[in-house]
Amino acid sequence: MVKMHADEADIDAGLVRSLVRTQFPQWAGLPVRRSASGGTVNAIYRLGERLSVRLPLTQGGVEDLRRELRWLPRLAPLLPVAVPEAVAVGEATREYPWPWAVYRWIEGEPAIEGRLTGPERVARDLAAFVLAMREVDLPGGPIAHRGGPLAEIDREVRAALEKLRGTGESFDAEAAMAAWEHALAVPGWSGPPCWVHSDLMPSNLLVEDGGLAAVLDFGTVGVGDPASDLIPAWNLLTPPAREIFRGEAGIDADTWSRGRGWALGMAIVQLPYYRATNPVISANARYVVRQVLADFSLRGS
């Protein structure tokens, strides 16, 4: 398996079986198999039929795991869809150097950009989730990973665009830069910090029976500008469903523009990094750029 990160740990089914056998022998007889995922922070393995194992791929993912384990039990009762539930936390060993966790398995299929069977329903479900997050009143929340201004990733976006020039990518780099600079110029969030998931990528959204079944991976959760939770409008939804999402969530023009900026900036940064190692993320990044540039051209702003 091609590694996505230079400092990525060696993880396979044998390692997972060994960790489970030595730390949680009650599950030692359950079959272990890799779960297909476009995720970039964790390796996910199915453990039997009702459990899954999540292991950070790098040291950087350890804090994400700890953040999720701390805050998700408090957030879960306040949210309208299923979210991960940890049932055990494993310790570092000589085989694997970081903490890891066992979760209950959640049924559903990862969402795929532009291929939803019920895009209008998913748009409404996503809006309900985003609104529920904004209404959370839990004190002491950490700063969300993408809770600050877009300018925080400006240098990364510009460097990534330079790397993409001449690589054969089909989008107009100048148009992408114009859309990015427009987003940077939008006034920032002036309201109180809101709770946000801040990583609503399709691979973190499970769908079932035409609706949103679950939201996964709360490692970036925290408080800040609610704009980062609008990225599914461009990384998942079609234009008609996008408008439903915006209307149901009641998003003002500036927050919507910043959300579009987050979607574009994330995609531009992801594409050169993952284009040779993660086809799921790369395909989604290209979808985002196409959707954002078409939207930007249509609206003229």
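Laboratory data are not the source of any read-out in this text; all were calculated from the coordinates shown. Keep in mind it's a predicted model, so treat the numbers as computed, not measured. Positions of Cβ are generated from backbone atoms using ideal geometry, with glycine treated the same way; all protein chains shown enter the neighbour counts.
To the nearest 10 degrees, how steeply does helix 154-164 sit against the main Cα axis of the chain, on a 0 to 90 scale? In the chain, helix 154-164 runs at an angle near 90 degrees to the longest axis.
What do you get for the angle between helix 253-274 and the principal long axis of the chain? Use alpha-carbon atoms, 0 to 90 degrees, nearest ten. Rounded to the nearest ten degrees, it is 60. Taking a Cβ cut-off of under 15 Å around Ala283, the surrounding Lys, Arg, Asp and Glu residues balance to a net charge of +2, with basic ones at +1 and acidic ones at -1.
Positive end of the dipole of the chain (Cβ unit charges, origin at the Cα centre): among Tyr45, Leu131, Gln291, the Cα lying farthest that way belongs to Tyr45. If you average the C-alpha positions of the range 64-111 and of the range 136-167 separately, how far apart do those two centres end up, in angstrom? So the two Cα centres are separated by 24 Å.
Sort out for me the Cα centre separation of the range 249-301 from the range 200-241, rounded to whole Å. Centre-to-centre distance over Cα atoms comes out at 13 Å. Ordering Ser52, Ser18, Ser257 from the fewest to the most neighbouring beta carbons within 10 Å gives Ser18, Ser52, Ser257. Summing Cβ point charges (Lys, Arg +1; Asp, Glu -1) relative to the Cα centre of the range 115-190 gives a dipole of roughly 180 debye. In a reduced charge model with +1 at each Lys and Arg Cβ and -1 at each Asp and Glu Cβ, the chain shows a dipole moment near 540 debye about its Cα centre. In plain terms, the chain from Glu49 to Ala253 could stretch by 69.0 nm, reckoned as 0.36 nm per residue minus the Cα-Cα distance. How high is the relative contact order of the range 61-120, in percent, with contacts defined as C-alpha pairs under 8 Å that are six or more residues apart? Result for the range 61-120 is 25 percent. Take every Cα pair under 8 Å whose residues are at least 6 apart in sequence, average their separation, divide by the length of the range 110-299, and the relative contact order is 33 percent. With kT/(6 pi eta Rh) evaluated at 10 °C and eta = 1.306 mPa s, and Rh the Kirkwood radius from Cα pairs, the range 13-106 diffuses with a coefficient of 116 µm²/s according to Stokes-Einstein.
If the chain linking Glu91 and Glu208 were pulled fully straight, counting 0.36 nm for each residue of separation and taking away their Cα-Cα distance, it would gain 38.8 nm.
Electrostatic bookkeeping for Glu208 treats Lys and Arg as +1 and Asp and Glu as -1; over the other residues with beta carbon under 13 Å from its beta carbon, the sum is -3. Helix 13-23 and the longest principal axis of the C-alpha atoms of the chain enclose an angle of approximately 60°. As a proxy for reagent exposure, ranking Asp64, Asp217 by other Cβ atoms within 10 Å from fewest up yields Asp64, Asp217. Farthest toward the positive end of the dipole of the chain, out of Leu200, Val157, Gly29, is the Cα of Gly29, where the dipole comes from beta carbon charges about the Cα centre. Listed from fewest to most Cβ neighbours within 10 Å, the set Ile244, Ile143, Ile268 follows the order Ile143, Ile244, Ile268.
Protection proxy ranking of 112-122, 77-87, by the mean of other Cβ atoms within 10 Å over each peptide's residues and highest first, is 112-122, 77-87.
Working from Cα pairs under 8 Å separated by at least six residues, relative contact order for the range 13-106 is 25 percent.
Taken about its Cα centre, the range 185-246 carries a charge dipole of about 200 debye when Lys and Arg each add +1 at the Cβ and Asp and Glu each add -1 at the Cβ. The residues packed around Leu230, meaning those with a beta-carbon under 14 Å from its beta-carbon, carry a net charge of -2 if Lys and Arg are +1 and Asp and Glu are -1. Only helical runs count toward this figure. For the chain, summing -39,500 (n - 2.57) over DSSP H runs of n ≥ 4 and dividing by all residues gives -13500 deg cm²/dmol at 222 nm.
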